[in-house]
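Beneath this line is the structure, given in structure tokens, with notes to follow.
A short reminder: the numbers here are calculations on the coordinates, not readings from a lab. These numbers come from a predicted model, not from an experiment. Note that each Cβ is placed from the backbone with ideal geometry, even for glycine, and that neighbours are counted across all protein chains shown.
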Amino acid sequence: MSLAIDDIKNIGVIGAGQMGSGIAQVAALAGYEVMLEDVNAKALDTAVANINKNLERQVARGKLGEEEKNAALRRIRTGSDFKPLTECDVVIEAATEREELKRDIFVKLVPALNDHAIVASNTSSISITRLAASTDRPARFIGMHFMNPVPAMQLVELIRGIATDETTFQTIRALALKLGKTPVAAEDFPAFIVNRILLPMINEAVYTLYEGVGTVEAIDTAMKLGAHHPMGPLELADFIGLDTCLAVMQVLHEGLADSKYRPCPLLVKYVEAGWLGRKSGRGFYDYRGEKPVPTR
């Protein structure tokens, strides 16, 4: 059975981190029933609290009515068992950017799905073709890469695997539009479009720091004022998460076999130290005080 956009009523989201909670929020606001899944109950509680806080902020700014906010929150259910995903027409995986983890999720997810469900991955760099091969439905599998933070960022990259059929692509493109996003098609090459361009720039900024060309503050100030970037590359790396930055660079390096994508040793060292950026309290900046302070 082919799934058309009007057939989509229920959306499942796997992973209650920053990306998954953002996807759940925009889907609920767009009128979809949402099943938000995570193995970590605390992560689910945090996600719902953050969604509520984000919607309250929109109400305070006059962008959302109180009843709209309450209706959106009522549409979100949470759980740690894949069984409720049987009801879902589309399931979007938004787990940590590790291929073995994602493939394991898909193997466990498949038995819970109904026959017509489409599976999408929010991966920022991993081969859609390879991920699709771990499911029973490569034709109904697609990359749907949202940008962070999901509620604020307009773009969604749509990536066909080698087996993704045209109906799946068109249905998910229509879904992206219904979620208020602008979809762009990207080929299934490592890191797609945005991260193929963005992450090597961040990695080069880390090399610039590593080689002593400039301090954290100098590099970020130079790129903000000299290239008109709204956020410096090292500040942006902390926002994305240094573990995610490293994972994408490793996918680029391994997938394209070009030395220009070699992750900077300093980036590796920060990740090994557990200094992952904002989410861990320290990265290229220390966030534990009143204002961020460079760590180098």
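Picking from residues in the stretch 202-219 that are part of a loop (DSSP other than H, G, I, E, B) and among the β-branched types (V, I, T), the one that is surrounded by the fewest Cβ atoms within 10 Å (Cβ to Cβ) is V213.
Of the candidates D243, D188, the single residue that is among the acidic types (D, E), part of a helix (DSSP H, G or I) and under 20 Å from the mean Cα position of the chain (by Cα) is D243. So for the stretch 264-273 (the condition being touching a strand residue (DSSP E or B) at 6+ places or on another chain (Cβ under 9 Å) and in a strand (DSSP E or B)), does at least one residue qualify? Checked against the condition, which is being touching a strand residue (DSSP E or B) at 6+ places or on another chain (Cβ under 9 Å) and in a strand (DSSP E or B), the stretch 264-273 yields no hits at all.
Here is a yes/no grid of residues against (1) in contact (Cβ under 8 Å) with a residue 12 or more places away in the chain; (2) surrounded by 22 or more Cβ atoms within 10 Å (Cβ to Cβ); (3) under 28 Å from A47 (Cα atoms); (4) basic (K, R):
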residue	(1), (2), (3), (4)
P200	yes, no, no, no
T221	no, no, no, no
L236	yes, no, yes, no
K260	yes, no, no, yes
Y270	yes, yes, yes, no
W275	yes, no, yes, no
R278	yes, no, yes, yes
G283	yes, yes, yes, no
P294	yes, no, no, no
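Looking at the structure I just gave you, is K269 in contact with a Gly (Cβ under 6 Å, 6 or more places away or on another chain) and either among the aromatic types (F, W, Y) or farther than 16 Å from M147 by Cα (or both)? In short, no.
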